[in-house]
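Below is one structure, written out as structure tokens; comments come after it.
Each value in this text was obtained by applying a stated rule to the coordinates, not by laboratory testing. All values derive from a computational prediction rather than experimental measurement. Cβ coordinates were reconstructed from backbone atoms using ideal geometry, including for glycine residues, and neighbour counts include every protein chain displayed.
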């Protein structure tokens, strides 16, 4: 079932039962999901089926969940899964494991996708037991990004063992808003005049125009790259100076971390993905890019994903509030009016009767 073109190794998911491997291979080869996404499915579903074995009393309670084998499970095990068991699992990862809401939502998504495959594609199940299980509510956190000043300092500070390459990497991240996997996969043949072809999630292609800054960074890097005498991956855009092979995603993460540290930005939680957020935020803030154009540039399937970049900075909020015509108005205490003569206290006799009442 597996083949090398789908990025599946010979022993991939060897500890999974056959029905789980079928689903994972389908996700890789037919749906064209990234290996990282499918690995996430594998982790989540292993945990789910291990939990079910213990919940059903098939293994000793003393066993750690990671020690429970699921390799020999048959499809009968899957057919017996109920909605109640899905709820039990969600309760378990909430109370026992303390999983955050986004982690719980991801695991439920993996379970739903698995059963959807066997209901809709394989027709081996009549219903999806997780279909009507509500996903945990998620707090929509605003994306973190570098300020314009931090971007400029980052670009000014780059001095590495291969400065031309690393400056080009940071520049493309900050100008094109590409994902880490997309940058690593760039080939020389992807460039055409002033554009670059980017292959995103699900092998979806998009064309992004290169800014003057990108072109100015690419030219010296290509000259330095051409001078390498040990090139192995000749079509790979970004290669290792030492091995001549295409850079891995992990190596690019290290390069970005090194450049951030040189700019004094280490420890702030920035990463290649935060550089993507930065590019998108700066584009939107410029006022020259509308939401649909930004969606196309970033390669989002839905514009709702792109809308996170409509967030407003604290400075803008502060300025908006202060611009109100009422922003400078302060309370003025009203001066007491002089009391009228009839309001003044009247002299009273010794019995407390007002003298005026006696007249």
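For a footprinting-style exposure proxy, rank 149, 164 by other Cβ within 10 Å, fewest first.
In order of increasing Cβ crowding within 10 Å: 149, 164.
Give me the extension gain from residue 80 to residue 161: residue separation times 0.36 nm, minus the current Cα-Cα distance, reported in nm with one decimal. Walk me through the intermediate numbers first.
Working: separation 81, 0.36 × 81 = 29.16 nm, distance 5.78 nm.
Gain in length upon complete extension: 23.4 nm.
Over the alpha-carbon set of the range 4-121, work out the extent along each principal axis and list the three values in angstrom, largest first.
If we take the Cα atoms of the range 4-121, the spans are 41, 30, 26 Å.
For the range 148-314, with equal point scatterers placed on the C-alpha atoms only and solvent neglected, what are the log10 I(q)/I(0) values from the Debye formula at q = 0.10, 0.12, 0.14, 0.18 1/Å, to two decimals?
For the requested q values the scattering log ratios are -0.36, -0.53, -0.72, -1.21.
Provide, in order from the shortest bin, the percent of all Cα-Cα pairs of the range 187-259 in each 5 Å bin, continuing until the bin that contains the maximum pair distance.
Pair shares across the bins are 3, 14, 19, 24, 24, 13, 2.
Pull out the extension gain between residue 268 and residue 211, defined as 0.36 nm times the separation in residues minus the alpha carbon to alpha carbon distance; nm, one decimal.
Values: separation 57, 0.36 × 57 = 20.52 nm, distance 2.74 nm.
So the extension gain works out to 17.8 nm.
Roughly what would the spin-label model give for residue 55 and residue 222, points 7 Å off Cα along C-beta, in nm?
Spacing of the two 7 Å Cα→Cβ label points: 5.6 nm.
Stretched out fully, how many nm does the piece from residue 31 to residue 192 gain, at 0.36 nm a residue minus the Cα gap? Write down the numbers at each step before the final one.
Values: separation 161, 0.36 × 161 = 57.96 nm, distance 2.83 nm.
Taking residue 31 through residue 192 to full extension adds about 55.1 nm, to one decimal.
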